[in-house]
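Presented below is the structure to which this report refers.
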Amino acid sequence: MIPSSALPRTVTVRAPAKINCELRVGGLRRDGYHELSTVFMAVGLYDEVTVTRSPSWEVTTTGRYAALVPDGADNLALRAARVLASTMKAEPIPVSIRIDKEIPVAGGMAGGSADAAAALLACDALWGLRCDREQLLELAADVGSDVPFSLAGGIAVGSGRGERLAPVLAKGTFHWVFVVSSEGLSTPSVFAECDRLRADADADADADRPAPGPSSAVMTALRSGDPEALGKALANDLQTAALSLRPALRTVLDAGVEFGALGAIVSGSGPTIAFLTGSPEHALDLCVSLAASGVADEVTRAKGPVHGAHFIAVPSRV
Ligand code: ATP
């Protein structure tokens, strides 16, 4: 046990957004989740989470999307901190959690999961628990399906409900442009719409749907660091459902392709649209074209892969 005088008073961790280069949705499981196969990539849009010893538990949010984040027990960062405390049977000092929110909320980029992953890492250090990586990944999966990947970062195949990870070796850096919508989409409602559309198309199909797996086209493109091949291989089984709920996204997808994107996809459950480009200059050009065209609420760019949740402030001692 680390003496409390040796523990930090405050810790800051940064965690990245993700996109799904491929998202295959299998059948509905008995627990209500779908069997998934996804190829995650962590991209350089970050939330920063600072935890500080405090007389009481609280969450405050700053940054671009602060107004959209719940500040009570629903907040995923707070939930993650409490799961860590109860699982480790620690009697933790309460923490104040400050989230600097730069990842779109309900945008299909796992922003809440990033905050949860960051809170796990930060509270582990603040409380001196010294959980190992496997313990943190297991706790992360209890908090949410995308939280393990927010911890791990890089590129990984996710299976199960997305929480079982296998790292992917990839070459080079990929340059993305994102069109962010001012209004989010709820992940459960997009999965429900996917089920509804599938049931309409073929009432018997779900029971026979094979467990999905990653395509060789995506894996080969990543291994060879080939953005043209990856652009062609991008695939998302939730895209039709997201477009059904938000038809205006089709105009954004079409505009990006017309302006020269190598590939275009709804990010996860949407509504963020991700465009792949061939270089930083190409990404900048695409941003300018999309912004000037008026089809996009907000345009931003980031590269990937990047590291998962990591410390950015040297912890200060009591
Ligand atoms: P995913 O891609 O993992 O499906 P998402 O990016 O679409 O998720 P999030 O930004 O993670 O969506 O938010 C989903 C919901 O979680 C929001 O509607 C929000 O109310 C709630 N939420 C709870 N805590 C947070 C948090 N710290 N940041 C953002 N949203 C949070």
| query | What tally of residues in region 14-31 results from selecting those that are surrounded by 17 or more Cβ atoms within 10 Å (Cβ to Cβ) and among the basic types (Lys, Arg)? | reply | 3
| said: Take the conditions within 21 Å of Gly63 (Cα to Cα) and either crowded, with 18+ Cβ neighbours inside 10 Å or more than 16 Å from the ligand (Cβ to nearest atom) (or both) and apply them to Ala125. Does it pass? | reply: no
| query | Tell me, which helices (runs of 4 or more DSSP H) lie completely within region 172-271 with 2 or more residues that are of a type in the set (Ser, Thr, Tyr) and not assigned by TED's automatic domain parsing to the domain that holds Ala42? | reply | 187-201, 216-224, 239-245
| request: Can you work out which of the residues in region 151-168 that are in contact (Cβ under 8 Å) with a residue 60 or more places away in the chain and in a loop (DSSP other than H, G, I, E, B) is least open to solvent (accessible area, probe 1.4 Å)? | output: Gly162
| query | Give me the pairs: first residue in region 38-60 and crowded, with 24+ Cβ neighbours inside 10 Å, second residue aromatic (Phe, Trp, Tyr), beta-carbon distance under 6 Å, and six or more apart or on different chains, which are they? | reply | Phe40/Phe149; Val43/Trp176
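Can you spot a residue in region 140-150 that is in a strand (DSSP E or B), near the ligand (Cβ under 9 Å from one of its atoms), assigned by TED's automatic domain parsing to the domain that holds Ile19 and in contact (Cβ under 8 Å) with a residue 12 or more places away in the chain? Working first, answer last.
At the first step, the residues of region 140-150 found to be in a strand (DSSP E or B) are none.
Checked region 140-150: no residue is in a strand (DSSP E or B), near the ligand (Cβ under 9 Å from one of its atoms), assigned by TED's automatic domain parsing to the domain that holds Ile19 and in contact (Cβ under 8 Å) with a residue 12 or more places away in the chain.
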| note | Cβ pairs under 9 Å, 6+ apart or interchain, first in region 280-300 and at positive phi, second surrounded by 12 or more Cβ atoms within 10 Å (Cβ to Cβ), ordered by first then second residue, are none
| query | So which residues in region 59-78 are closer than 24 Å to Leu136 by Cβ and hydrophobic (A, V, I, L, M, F, W, C)? | reply | Val59, Val69, Ala73, Leu76, Ala77, Leu78
| Quick check: anything in region 169-177 in contact (Cβ under 8 Å) with a residue 60 or more places away in the chain, in contact with a strand residue (DSSP E or B) (Cβ under 7 Å, 6 or more places away or on another chain) and aromatic (Phe, Trp, Tyr)? | yes
| task | Within region 70-114, track down each residue that is within 14 Å of the ligand (Cβ to nearest atom), part of a loop (DSSP other than H, G, I, E, B), of a type in the set (Val, Ile, Thr) and surrounded by fewer than 22 Cβ atoms within 10 Å (Cβ to Cβ). | result | Val105
| request: Filter region 1-51 for residues that are away from the ligand (no atom under 13 Å from the Cβ), touching a Cys at 6+ places or on another chain (Cβ under 9 Å) and over 26 Å from Val69 (Cα atoms) and give the result. | output: Val39
| query | Going by the conditions given, is Ser182 within 12 Å of the ligand (Cβ to nearest atom) and farther than 19 Å from Pro212 by Cβ? | reply | no
| note | In region 236-257, anything crowded, with 17+ Cβ neighbours inside 10 Å and under 20 Å from Ala283 (Cα atoms) is listed as Leu249, Val252, Leu253, Ala255, Gly256
| query | Would a scan of region 218-231 turn up a residue that is surrounded by 16 or more Cβ atoms within 10 Å (Cβ to Cβ), at pLDDT 95 or above and under 21 Å from Gly107 (Cα atoms)? | reply | yes
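The values are calculated or read from the model by the stated rules, or taken from the named source; none is laboratory data. Bear in mind that the values here come from a model prediction, so they are computed numbers and not experimental data. Every residue, glycine as well, gets a Cβ built from its backbone with ideal geometry; the counts of neighbours run over all protein chains shown. In case anyone asks, the SASA skips ligands and DNA or RNA and just uses the protein heavy atoms, side chains included. Shrake-Rupley method; radii C 1.70, N 1.55, O 1.52, S 1.80 Å.
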